[in-house]
Amino acid sequence: MEPYRIKAVEPLPRTTRPQREAALRRVHYNLFELRAEEVTIDLLTDSGTGALSSGQLAAAMSSDESYAGSASFHRFRDAVEELTSYPHILPVHQGRAAERILFSTLVGPGKLTLSNTHFDTTRANVELAGGEARDLPCPQARDLDGAGPFKGNIDIEALRAVLEGPEASRVVLVLMTVTNNGCGGQPVSMANLAETAAVCRRHGVPLFLDAARFAENAWLVTRREAAYRGRTPRQVAQEAFRLADGCLMSAKKDGIVHIGGFLGLRDSALAQRCELLLIATEGFPTYGGLAGRDLDMMALGLAEALDPGHLASREQAAAHLAGRARAAGVGIVEPPGLHAIYLNAGRLLPHIPAHRFPGQALACQLYLEGGIRSAELGSLYLGREDEHGEPVISAPYELVRLALPRRVYTRGHLDHVGDVLARIADDPGGVPGYRITGQAPILRHFRVRLEPAHDMAPASLRGGRV
Ligand code: F0G
């Protein structure tokens, strides 16, 4: 059961189907453009969407809002240093600010970063600094149905090949994303992390963690890696941080705050260079773009995220939703992790080709049928077409992510999602594809405009009778 009781509640927005049809038309079938009050169950992201605890709110009330040297900063710093062992902790307003500061310091034109998978803003920040971001996921990651316990791992052989090959001198850092959000939320094993650290050390390349979901990764290690059975998530997390030279942290996930993050560093010279950028662009190093109350809530959130009761309940919620999806005949990326379920829309909607966006089609249908908001991770996100709308690049898989905000939704809410999925899976042939009518040159999924592809649209979306 959920390891909390509920003290404050918020009514769920309710809409009718005609309202949802009108809303979808108005936003050009782009779910990012919906107003939140038009969404009943919001599974767009687990980032910054968690519920605060009474302890966090109490800490916020007793925070210190001094510009410099606040008590809140020192409490935050002590908590993060105890967890990570890094002597330099730079608070920032969210993960991508840490990315920008670190990469503008280490990455430059012609430089290369290697990762199990870069998150999209991480890649964008490497590229904005003039570098190339290369993903080296392990081969098991390609088998969506495989039950491998650590499909988030980096491909050690591929990593070695780059570091021993002609491109070695271009590599400025290796970044391990835990858990691997771009690869189905799959965890990274401690064995893989330790081996990566050893390879990096041998080649003199610093290793960083993208630690957004460090607690969830640690939990899955205690559950799936024999050598770590019986260890606490905190012990595993501490060991993971110790293996690396620093971390980028978006505390909006496993810090359970609405805003916040930090950059953790071992190297004093590097920390000094990053601190200059921090002061110029985020704020003085004892607040880094945050209020004292944010720092206090983050310190507590990081501890609450490591509570085994919290993590077990997350695992069970994800497993429950995964079970409902499988029972409805909808394939998912196996095995389920903790922060999200990734639906295999390509398999459910084989009548929709990649350039008619089966992932987006399923995401729109989830909204239309049940007021559920999700995120497409398929060819709308990763693909490209020519001027006639014909595919140039398609995504390897057409996925839809149902992210689970922390401490927000109950089993009843997840059962609603399961019911809606089952209704859609009953008649998948009726789900239309979509065509792009307007898009931006990069990160297009945020602002894209679409319309149902009329050759495939059922009457309700053509403006005919429902
Ligand atoms: N790294 C990972 C692995 C992430 O998942 C995210 C954000 C970031 C970095 C950037 O952090 O948003 O605080 O600037 N992921 C969110 C998501 C947006 O929905 O998965 P941020």
With +1 assigned to the C-beta of every Lys and Arg and -1 to the C-beta of every Asp and Glu, and no other charges, what is the dipole magnitude of the chain about the Cα centre in debye, to the nearest 20? 540
Here, GLU387 and ARG17, labelled 7 Å along Cα→Cβ, have an inter-label distance in nm of 4.2
Treating only Lys and Arg (+1) and Asp and Glu (-1) as charged, each at its beta carbon, one finds that the range 54-306 has a dipole about its Cα centre, in Debye to the nearest 20, of 280
Got a sec? Charge dipole of the chain, +1 on Cβ for Lys and Arg, -1 for Asp and Glu; which of HIS258, PRO391, THR286 is way out at the positive end? HIS258
With Rh as the Kirkwood radius over Cα pairs, the range 1-150 has Rg/Rh of 1.04
Translational diffusion coefficient, Stokes-Einstein: compute it for the chain using the Kirkwood radius over C-alpha pairs as Rh, at 4 °C and 1.567 mPa s, and state it as an integer in µm² s⁻¹. 57
Shape call for the range 258-389 from the C-alpha gyration tensor, a ≥ b ≥ c root eigenvalues: rounded (a/c under 1.5), prolate (a/b greater than b/c) or oblate? oblate
Please report, in whole Å³, the volume per residue of the convex hull around the C-alpha atoms of the range 54-306. 114
Three semi-axes of the equivalent ellipsoid, the range 70-193, Cα gyration tensor, whole Å, largest first: 27, 21, 13
Computed magnitude of the charge dipole of the range 289-398 (debye, nearest 20; Cβ of K, R +1, Cβ of D, E -1): 340
Compare the peptides 133-145, 286-298 by average per-residue count of other Cβ atoms within 10 angstrom and give them in order, highest first. 286-298, 133-145
Signed unit charges on C-beta, dipole axis of the chain, positive-most listed residue PRO336, TYR4, GLY95: TYR4
Inter-centroid distance (Cα atoms) of the range 135-198 relative to the range 293-370, Å: 22
Along the dipole axis of the chain (charges at Cβ: +1 for Lys and Arg, -1 for Asp and Glu; origin at the Cα centre), the most positive-end residue among GLY110, GLY165, GLN360 is GLN360
When the helix-only estimate is applied to the chain (DSSP H runs of n ≥ 4, each -39,500 (n - 2.57), divided by the residue count), what is the mean residue ellipticity at 222 nm, nearest 500 deg cm²/dmol? -12000 deg cm²/dmol
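Express the relative contact order of the chain as a whole percentage, based on alpha carbon pairs under 8 Å and six or more residues apart in sequence. List each step's numbers first, then the result.
Values: 969 pairs, mean separation 96.4, N = 466.
Contact order relative to length: 21 percent.
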Cα-based Debye curve of the range 230-313 sampled at q = 0.11, 0.12, 0.13, 0.16 Å⁻¹ gives log₁₀ I(q)/I(0) of -0.35, -0.42, -0.49, -0.72
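Computed from the coordinates by the stated procedures, all read-outs in this text should not be read as laboratory data. As the structure is a prediction and not an experimental result, all values here were calculated from the model. Reconstructed Cβ throughout: ideal geometry from the backbone, glycine too, with neighbour counts over all protein chains shown.
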